[in-house]
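To keep things clear, I will list the structure first and then write my remarks on it.
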Amino acid sequence: MMTSKLRQSGGVIEHYREYLPVRASTPIVSLAEGNTPLVYCSQLSSRVGRGCEVFVKNEGVNPTGSFKDRGMTVAVSKAMEHCAKALICASTGNTSASAAAYAARAGIPCIVVLPAGKIASGKLVQAFAYGARIVAIDGNFDDALRIVRELGDGHRFVIVNSINPDRIAGQKTAAFEIVDVLEDAPDFHLLPVGNAGNITAYWAGYRDYKSHQRSTRLPTMIGFQAAGAAPIFHNRIVEKPETIASAIRIGNPASWKQACAAVAESHGAIDIVSDEEILEAQSWLAKHEGIFVEPASAAAVAGLFKCCESDQAAYSFQNIPEASRIVCTVTGHGLKDPDPITQRMKELKPVAASVTDVRRASGL
Ligand code: AN7
């Protein structure tokens, strides 16, 4: 067919094959993920001051609207190489959306185990749309992951949570892209932390690239947990994690040790941000930079503000070198979790369909 000869845009495996655990015979399952924008943010930069340059790595523009797609292309391709018959995952929402999409692409079933009533509506819609087998449990994410681990993986089905090392390998590509664009690693990298797979992956990616002389230095890693779901910050399991940022409502992260290692080796920190700070940052980023992210993603931006403006910050920017380069990863698209904002839409009252009324209502 004509279309098969057209050049397709490649995904992260095509771009970074030499750094990933794939072979010539691995069947590639891709949705052309990755290559996401690293957006220079002038308003954020001036709020930080000191001549710093702040960039947002906008992972919400991936095929299913989150960073999970980078890891999923590798995990699902490897699962197909091993002739898996199905995929399974626990999720706070984004992993299930991504796993369901890549399973559909691969032509195999996907089972998702979710905490009932705690998944943002857009993410649940995605899991249904992509045809996943959805099991909602009376429990939280940590319970769901425990059950998935106990079910175990093998040839019949493969676990595609970030405990699967192929997921981490794929997610490293975000660090590669940042270095490729900036032509070196940034000075600071800020991101939200839930199950702690992503901070683990970024740190591994930055280290890989440096050891291949693709960069001259490593960034300081600063991760942010929601105040009500902050096991790493408090150094203890949180039995009943609570936060509006449902994606990071996790009390016992799988990559806890690796996150601590990333922070220790990079001389960074894990800090907390409140739900109020998260929602404030979400709204600020949308209104000042035109980037609408889900609440969990806004934790990175709320964290940036805390580093710059609060004397309570675990990592204070008071003494950072002038003109530092700072990257914040925003992990998921705002449309996935419209509920906090749709509340405000109820205030919208129609006016008569006339020029006079529209002029008056719009304040022109
Ligand atoms: C938007 O989907 O854990 O620290 O099951 O969806 O690597 O877990 C999602 C996590 C940040 C935290 N931002 O990343 C899941 C899930 C968003 C997320 C995180 C998640 P990790």
Inset, instruction - Those residues that are within 14 Å of the ligand (Cβ to nearest atom) and of a type in the set (A, V, I, L, M, F, W, C), I need them from the stretch 231-245; list them, please. - result: I232, F233, I244, A245
Inset, instruction - Select, from I270, I244, I278, the only residue that is in a loop (DSSP other than H, G, I, E, B) and within 17 Å of the chain's Cα centre (by Cα). - result: I244
Legend entry - Matching residues in the stretch 322-344 - criterion: being assigned to a loop (DSSP other than H, G, I, E, B) and modelled with pLDDT under 95: P338
Inset, instruction - Would you confirm whether any residue within the stretch 300-310 is under 30 Å from R217 (Cβ atoms), out of contact with any Gly (no Cβ under 9 Å at 6 or more places or on another chain) and in a strand (DSSP E or B)? - result: no
Inset, instruction - Kindly check whether there is at least one residue in the stretch 97-118 that is within 30 Å of Y206 (Cβ to Cβ), more than 16 Å from the chain's Cα centre (by Cα) and without any contact (Cβ under 8 Å) to a residue 24 or more places away in the chain. - result: no
Inset, instruction - Just name the residue that is farthest from the ligand (Cβ to nearest atom) out of those in the stretch 47-77 that are of a type in the set (A, V, I, L, M, F, W, C) and surrounded by fewer than 24 Cβ atoms within 10 Å (Cβ to Cβ). - result: C52
Inset, instruction - Within the stretch 78-85, identify whether any single residue is in contact (Cβ under 8 Å) with a residue 40 or more places away in the chain and within 15 Å of the ligand (Cβ to nearest atom), and answer yes or no. - result: no
Inset, instruction - Any chance you could count how many residues in the stretch 121-165 are in contact with a strand residue (DSSP E or B) (Cβ under 9 Å, 6 or more places away or on another chain) and within 24 Å of V193 (Cβ to Cβ)? - result: 20
Inset, instruction - Working carefully through the options E277, E322, find the one that is crowded, with 18+ Cβ neighbours inside 10 Å, away from the ligand (no atom under 14 Å from the Cβ) and either of a type in the set (D, E, K, R) or free of Cβ contacts under 8 Å to residues at least 24 places away in the same chain (or both). - result: E277
Inset, instruction - Considering each residue of the stretch 190-230, count those that are assigned to a helix (DSSP H, G or I), closer than 29 Å to K240 by Cβ and either of a type in the set (D, E, K, R) or near the ligand (Cβ under 7 Å from one of its atoms) (or both), and give that number. - result: 3
Inset, instruction - Specify which of the listed residues (A169, A174) is under 17 Å from the mean Cα position of the chain (by Cα), within 13 Å of the ligand (Cβ to nearest atom), of a type in the set (A, V, I, L, M, F, W, C) and assigned to a helix (DSSP H, G or I). - result: A174
Legend entry - Per-region count, the stretch 208-227, residues under 22 Å from D271 (Cβ atoms) and over 19 Å from the mean Cα position of the chain (by Cα): 1
Legend entry - Checking Y206 against (1) closer than 19 Å to G71 by Cα; (2) surrounded by fewer than 23 Cβ atoms within 10 Å (Cβ to Cβ); (3) modelled with pLDDT of 95 or more; (4) not basic (K, R), the condition it does not meet: (2)
Legend entry - Those residues of the stretch 131-157 which are assigned to a loop (DSSP other than H, G, I, E, B) and under 14 Å from A86 (Cβ atoms), in sequence order: G131, A132, G152, D153, G154, H155, R156
Legend entry - Options E294, E347, E265; residue that is more than 15 Å from the ligand (Cβ to nearest atom), modelled with pLDDT of 95 or more and either of a type outside the set (K, R) or in contact with a Phe, Trp or Tyr (Cβ under 6 Å, 6 or more places away or on another chain) (or both): E265
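The values are calculated or read from the model by the stated rules, or taken from the named source; none is laboratory data. Since this is a predicted model, take the numbers as computed values, not measurements. Using ideal geometry, Cβ is built from the backbone for each residue, glycine included, and neighbour counts are taken over all protein chains shown.
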